[in-house]
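The values are calculated or read from the model by the stated rules, or taken from the named source; none is laboratory data. A quick note: this is a predicted structure, and the numbers were derived from the prediction, not measured. We place every Cβ from the backbone using ideal geometry, glycine too, and count neighbours over all the protein chains shown.
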Amino acid sequence: MSSTWTLPDDLTVPEPVEFFPAAGEKLPQHWSKCFGCGDDQPAGMAMSFRAGNGLEVTGRLEVAKKYQGGPGVIHGGILSTAFDEAQGMACMALGSPVVTGHLEIDFARPIPLGSVLEFRARIDGVVRRKVYTSAEAVIVEGPTADPDTVVGTSRGLFLTITSEHFAKTKEFVDGEPTSPFGTSSV
Ligand SMILES: CCCCC/C=C\C/C=C\C/C=C\C/C=C\CCCC(=O)SCCNC(=O)CCNC(=O)[C@H](O)C(C)(C)COP(=O)(O)OP(=O)(O)OC[C@H]1O[C@@H](n2cnc3c(N)ncnc32)[C@H](O)[C@@H]1OP(=O)(O)O
């Protein structure tokens, strides 16, 4: 990994909010029209997530043929999107909406089309509105599946926001989130 990412000295590690699902339980979608996880987004990636231990979540992505970048392998932007989604979903443990401020990815191994990726993402800590996150991906199904080989890593800074953040853009969608996290899934 070639990242220059460093965590600040004044980082604090929060507890998950009480309504965050227990380990192993499915997480709700944060927004049904989200390209990463929404079930009202036919062109989307249909990622699904479960709570892990503490501030960690696990996510799943099936690498469809339409996600091709180089011959037979996933497009780097698709992998980046998946990390963005996974680390954003980890922020659900705070009980506050977030947006991505900064994201950096290391592409460690080629990921063949037809793979199923598992993402492990977590909050590392917070400073004021800044939420520091990290994640790894492994291939759990497919021609090169190996749960012990990390195929990509990510570090990301998310910022907590208020509902005002989307005040000007929400007129461009057909609906609005209805739960603390957005729309419900399952
Ligand atoms: C796709 C939308 C998702 C919405 C989710 C909403 C609800 C869901 C609930 C929970 C979340 C669950 C799941 C989420 C899952 C997936 C998420 C996908 C997320 C995305 O895909 S989302 C789309 C891409 N994203 C954007 O569309 C953001 C555009 N952008 C902005 O809207 C502003 O840029 C903003 C708000 C980021 C900051 O603006 P601001 O004015 O509020 O804050 P300000 O500038 O004062 O910075 C305060 C402190 O952050 C530091 N800081 C700021 N930016 C930094 C950077 N880049 N690097 C390093 N430090 C940075 C400053 O240095 C200061 O630090 P300090 O406190 O130390 O002074």
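One table, with the values for the structure above:
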read-out: Qualifying residue in segment 42-62 (condition: touching a Gly at 6+ places or on another chain (Cβ under 7 Å), in a loop (DSSP other than H, G, I, E, B) and of a type outside the set (A, V, I, L, M)); value: yes
read-out: Residue satisfying all of: in segment 127-136; in contact with a helix residue (DSSP H, G or I) (Cβ under 7 Å, 6 or more places away or on another chain) and among the hydrophobic types (A, V, I, L, M, F, W, C); nearest to the ligand (Cβ to nearest atom) among these; value: Val131
read-out: Ser32, sole failed condition from (1) modelled with pLDDT of 95 or more; (2) assigned to a loop (DSSP other than H, G, I, E, B); (3) crowded, with 16+ Cβ neighbours inside 10 Å; value: (1)
read-out: Verdict on Phe20 being touching a residue at least 24 places away in the same chain (Cβ under 8 Å), assigned to a loop (DSSP other than H, G, I, E, B), under 16 Å from Ala90 (Cα atoms) and within 12 Å of the ligand (Cβ to nearest atom); value: yes
read-out: Pairs with Cβ under 9 Å, 6+ apart, first in segment 116-144 and at pLDDT below 95, second assigned to a strand (DSSP E or B); value: Pro143/Pro112
read-out: Candidates Pro42, Pro14, Pro21, Pro8, filtered to the one that is closer than 16 Å to Val57 by Cβ and more than 18 Å from the chain's Cα centre (by Cα); value: Pro14
read-out: Complete set of residues in segment 82-110 that are surrounded by fewer than 20 Cβ atoms within 10 Å (Cβ to Cβ) and touching a His at 6+ places or on another chain (Cβ under 9 Å); value: Val99
